[in-house]
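Below is one structure, written out as structure tokens; comments come after it.
The values are calculated or read from the model by the stated rules, or taken from the named source; none is laboratory data. This one's a predicted model, so the numbers in the text were calculated from it and none came from an experiment. All Cβ positions, even for glycine, are placed from backbone atoms using ideal geometry, and neighbour counts span all protein chains on display. In case anyone asks, the SASA skips ligands and DNA or RNA and just uses the protein heavy atoms, side chains included. Shrake-Rupley method; radii C 1.70, N 1.55, O 1.52, S 1.80 Å.
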Amino acid sequence: MRTDAGRSLSLLVALSLPLGALADAPSPMQGFTAEAARAESALEARFDERLDARELSGWLERMSSAPNQVGAPHDKANAEFMLGEFRAWGWDAHIETFYVLYPTPKHVALELVGPRRYRATLTEPPIAGDRSSSRTQGALPPYNVYGADGDVSGEVVYVNYGMPEDYKELARRNVSVQGRIVIARYGGGWRGLKPKLAYEHGAIGCLIYSDPRDDGYAAGDTYPAGPGRPAAGLQRGSVADMPIYSGDPLTPGIGATKDAPRLDRAQAKTLLRIPVLPISYQDARPFLESLAGPRAPAAWRGALPFTYHLGPGPARAHLTIDSDWSLKEIYDVVARLEGSVYPDQWVLRGNHHDGWVFGADDPLSGNVAMMAEMKAIGALAATGWRPKRTLVYASWDGEEAGLLGSTEWVETHAAELARKAVAYVNSDSNTHGILHAGGSQVLQRLVNEVAAGVKDPAMPATVLARWRAAAILGDKDADRRVAKALLDGADLPLEALGSGSDYTPFFQHAGIASLNFGFGNEQPSGVYHSIYDSYDHYRKVEDPELRYGVALAEVAGHVMLRLADADLVPMRAQDYAAVIARYVDELERYTEHQRQQTQEAHRLLDEHVYELASSTSDPVGPPAREADVPFLNLAPLRNAVAALGASAKAFDAAYAAALADPARLTPARAASVNALLTTAEQSLTSERGLPGRGWYRHMVFAPGLYTGYGAKTLPAVREAIEERHYAEVPDAVAATAAAIDGYRRALESATQALR
């Protein structure tokens, strides 16, 4: 081993701090008395012994052996296979069926009709060495689910990533998409925003392609040599307006059972209004190459071998999409292991099983890790052990189309979940490298403690050590606040959750404390949502021996066991209070920065700086003048977080004292406190929900209306400021402060019970 690599590994080991070095640890294990913690550690060791990477590999090969999108025979076969396994492992399991709107294409075509003719292939050819790539019978043609049907022709305009700032740049160059077909590249934001914004700007159709700069040969060797997207590879995916609500478009807020009342399609707010189609960069090249008009800005230029122009035209496209808009069945496989002490407190775990084609990485790599957890827990139960709280494991269907299976299940069981759900633990695709963890910061200490006890499969360090090292090097802020805190021994912060996986209905709709786990690295995901996301690809490129699958099972499994068995529900309230206070700080800084930027922009406009600096060969006009930024009153938020901080400190002290003196923690007192903690996160929700999208009820976390997957913190206030809807800020501040006050009162009730 090289000397410099040895030094790096030594640093990683040094950064893996023992649990005693973590500041203010309330107990040897979050939520446990000292004696109970020792027993829990022994239980987890027995759990780990039952995890077998060979079993994960076998399940992965079987379940990814045929196309398994919604409606495919193999999707149902996978559900039935899991049902049999779960029952054999000792779980009380069943399949819960829902009936959802899921359009599938009957006819799709794309042509370049001028200035030359080209018919897009819209196919992904087999690749040598990838057995699945030639077994595509039953796979759907490339498409974006929930885009509109249509037969449209028009000039083409290149819109870069098709995000809001891109349309501002087009306006500065006098380029309009009105009545035209846009072509956008994947990246820069969630795919569903691209056709939505195109429609809002007057476009009649949308093409989305994968540029080789982003995930093809400019980013990495292309498959089969490496992880980059091959020339004919393309990315399927949903374009439902998921930031409005997730789940079945026709049954918002209620479960899509067979007899559920349904909206007419014209009433469904999440369905797109123009046709949209994903294409490869092989098919995109003739369209982009035929564009004239202004040269694209430097940041917009991809890696194809020609000059990128914006149009409009002379490239003209003809796009046709005709779909079957019938209801389809989806199959959630749900399993329970009843708790021995608190049967009406549920600890939930989920991963989805549907893919776009074979889905080996997304999602089956995470699903088989979850299956390994279930088999190991079933083996423990066979020896006589029982969790104190009920464990509920689920393999969801229909996630890829818009979190269908999880959302419909949550909406169907909303009342029961409101009483019983302690926490939800999610995973999705899983590869190798660094642990990524996001979720409710009240569970932050629990996650750090678990990660400190799991060994990384590839290095002589814990997964916490590698996660910590990546976070230190990844802190790019000027003050390096996060890096300094981590080097001083602080806990690793959990990422804010936006959307894009099955935690959304649990966390942001139902208000259930949630976590999301997965291992990954920075290599391009070049087979994402393509036919090349196969077992052979996964074993070659992602996690050859499924060792990180076992690591994921250990991380998620230990979290589940501790949530199930803890004397007190594992929580550290000061972590949550601190992060909410930080979000208020960020809002204040953002508002001041917006004010300063606006003032500077006004001065540049008044002095005609943009016109004077414009190139005569590539003329760019000035940006539109924005309204002045008023001084906003965020004091109610500041007051609410200050009060929350004091209450959180008192709660954590009482919590630690109760665990340190087991004689005080009587069964009756523990039951009373646990009942209060089970529903605490719901206090951060609002019955009204967020402005314009009431399905999202969490007032601290939501997917951004114009980011999709990306999280917005304190979203009602933040988006009102970002979108310059200043008249809406006072109501948003009041609603958010009320939610924070509600959480404070929940903590105070728990503190009183502890005392």
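Alpha carbon centre of the range 592-607 versus the range 266-296: separation in Å?
34 Å
Please give the FRET efficiency for TYR610 paired with ASP52, using the beta carbon to beta carbon distance and R0 = 51 Å, rounded to the nearest 0.05. Don't jump to the answer; show the numbers that get you there.
Numbers: r = 64 Å, r/R0 = 1.25.
The formula returns an efficiency of 0.20 here.
Summing Lys, Arg as +1 and Asp, Glu as -1, what charge do residues with Cβ under 11 Å from the Cβ of ALA624 carry, ALA624 excluded?
Result for the local shell: +2.
From the phi angles alone, apply the Karplus equation (6.51, -1.76, 1.60; θ = phi - 60°) to the range 413-426 and give each ³J(HN,Hα) in whole Hz, x where the residue is Gly or Pro.
Couplings: 10, 4, 5, 5, 4, 4, 8, 10, 6, 7, 6, 10, 10, 10 Hz.
Taking H as built 1.01 Å from N, whose amide H comes closer than 5 Å to the amide H of GLY228, not counting residues under 5 places away?
ASP221, THR222, TYR223
Quote the Stokes-Einstein diffusion coefficient, in whole µm² s⁻¹, for the range 106-167, based on the Kirkwood radius over alpha carbon pairs, a temperature of 25 °C and a viscosity of 0.890 mPa s.
On the way: Rh = 15.2 Å.
Reported coefficient: 161 µm²/s.
So how compact is the range 207-285: Cα radius of gyration and Dmax in angstrom?
Radius of gyration, then largest Cα-Cα span, for the range 207-285: 17.9, 51 Å.
Between ARG38 and LYS476, what FRET efficiency comes out of the Förster formula 1/(1 + (r/R0)^6) with R0 = 51 Å and r the beta carbon distance, rounded to 0.05? Can you show the working numbers first?
Values: r = 41 Å, r/R0 = 0.81.
Once rounded, the FRET efficiency stands at 0.80.
Quick check: net charge around ARG172, other residues with Cβ under 12 Å of its Cβ, Lys/Arg +1 and Asp/Glu -1? Mind showing how you got there, number by number?
Numbers: positive: LYS168, ARG173; negative: GLU165, ASP166, GLU169, GLU611, ASP618.
Around ARG172, the surrounding residues sum to -3.
Please give the residues of the range 34-69, grouped as numeric ranges, whose backbone N is less than 18 Å from a label point set 7 Å along the Cα-to-Cβ vector of ALA88.
Label zone hits: 50-65.
Determine the gain in length on full extension of the stretch ALA635-ALA382; use 0.36 nm per residue of separation and subtract their C-alpha separation, reporting nm with one decimal.
85.5 nm
I'd like to compare 389-401, 479-491: which one has the highest average count of other Cβ atoms within 10 Å, and what's the full order after that?
Highest-to-lowest ranking by the protection proxy: 389-401, 479-491.
Between the range 397-440 and the range 698-737, what is the C-alpha centre distance in whole Å?
23 Å
Run the numbers on the chain and let me know its relative contact order in percent, using alpha-carbon pairs under 8 Å that are six or more apart. Could the numbers behind the result be given before it?
On the way: 1632 pairs, mean separation 138.4, N = 755.
Once normalised by length, the contact order is 18 percent.
Calculate the spin-label point distance for THR598 paired with LYS649, positioning each point 7 Å from the Cα along the beta-carbon direction, and give it in nanometres.
3.6 nm
Note the full-extension length gain between ALA675 and ARG724 as 0.36 nm times their separation in residues minus their Cα-Cα distance, in nm to one decimal. Don't jump to the answer; show the numbers that get you there.
Working: separation 49, 0.36 × 49 = 17.64 nm, distance 4.14 nm.
Length difference between fully extended and current span is 13.5 nm.
Read phi for every residue in the range 280-292 and hand back ³J(HN,Hα) as whole Hz from Karplus 6.51 cos²θ - 1.76 cosθ + 1.60, θ = phi - 60°, with x for Gly and Pro.
7, 6, 5, 7, 6, 4, x, 5, 5, 5, 8, 7, 10
Which net charge results for the neighbourhood of SER290, defined as the other residues with beta-carbon distances under 9 angstrom from its beta-carbon, given Lys and Arg at +1 and Asp and Glu at -1?
Numbers: positive: ARG116, ARG316; negative: GLU289.
That works out to +1.
Consider a paramagnetic label point 7 Å from the Cα of ARG301 along Cα→Cβ; state which residues of the range 204-226 have an amide N under 17 Å from it.
Flagged as within label range: 211-214, 218-219.
When all protein chains stay in place, what accessible area (Å², nearest 10, 1.4 Å probe) is found for GLU124?
It works out to around 20 Å².
Mind checking Rg over Rh on the range 605-651, alpha carbons, Kirkwood formula for Rh?
Numbers: Rg = 22.9 Å, Rh = 15.3 Å.
Rg/Rh: 1.50.
Please compute the per residue accessible area over the chain with all protein chains in place, 1.4 Å probe, rounded to a whole number of Å². Walk me through the numbers on the way to the answer.
Details: 27570 Å² over 755 residues.
Averaged over the residues of the chain, the accessible area is 37 Å².
Among the lysines, which have Cα under 27 Å from the Cα of LYS196 when same-chain residues fewer than 8 positions away are ignored?
LYS106, LYS168, LYS269, LYS328, LYS712
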